[in-house]
Amino acid sequence: MRKSNRRAIRNKSHRTALKTAVHHVYNAKNVEEGKLALKNAISLIDRLKHKGILHPNAVARKKSRLTKRINVISSKTVNQ
């Protein structure tokens, strides 16, 4: 029980950091800022996968959705 409590506390901080990174991607003001935020978010997601905090399928899903979001933003700015 003590071990699971320690892990829960550690995992909570990692999940909070992940939510913040995703938030930065979704609230990017321009394409360059979004791409930088995406790079940082994907790096964090990969680290969490390596540590076993995120399931590999969840990692793929999150990376795909974030990349799709940036592609939509960049296509809007190109078309305008």
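The values are calculated or read from the model by the stated rules, or taken from the named source; none is laboratory data. All of these numbers come straight from a predicted model, not from anything done at the bench. Positions of Cβ are backbone-derived with ideal geometry, glycine not excepted, and every protein chain shown enters the neighbour counts. Accessible surface areas use protein heavy atoms only, side chains included; no ligands, DNA or RNA. Shrake-Rupley method; radii C 1.70, N 1.55, O 1.52, S 1.80 Å.
At 0.36 nm per residue, minus the direct Cα-Cα distance, what do THR67 and LYS3 gain on full extension? Give it in nm, one decimal, please. Could the numbers behind the result be given before it?
Working: separation 64, 0.36 × 64 = 23.04 nm, distance 3.55 nm.
Roughly 19.5 nm would be gained on extension.
Across the chain, C-alpha contacts under 8 Å between residues 6 or more apart give a mean separation that, scaled by the residue count, equals a relative contact order of 29 percent.
Find, among the trypsin sites (Lys or Arg not before Pro) in the chain, those assigned to loop by DSSP (not H, G, I, E, B) with at most 13 other beta-carbon atoms within 10 angstrom. Taking the chain and a limit of 13 other Cβ atoms within 10 Å, the loop trypsin sites (Lys or Arg not before Pro) found are LYS29. Carbon and sulfur atoms: what percent of the 1.4 Å accessible area of the chain do they account for? That fraction is 53 percent.
Once the C-beta distance of VAL31 and LYS51 is scaled by a Förster radius of 30 Å, the resulting FRET efficiency is 0.50 to the nearest 0.05. Bridgeable lysines around LYS62 (alpha carbons under 27 Å apart, same-chain partners fewer than 8 residues away excluded): LYS12, LYS19, LYS29, LYS35, LYS39, LYS49, LYS51, LYS76. Label-to-label distance, SER75 versus ASN40, with points set 7 angstrom from Cα along the beta-carbon direction: 2.7 nm.
One quarter of the convex hull surface built on the alpha carbon atoms of the chain amounts to 5.2 nm², the projected area averaged over directions.
Protein heavy-atom accessible surface, 1.4 Å probe, per residue over the chain: 77 Å².
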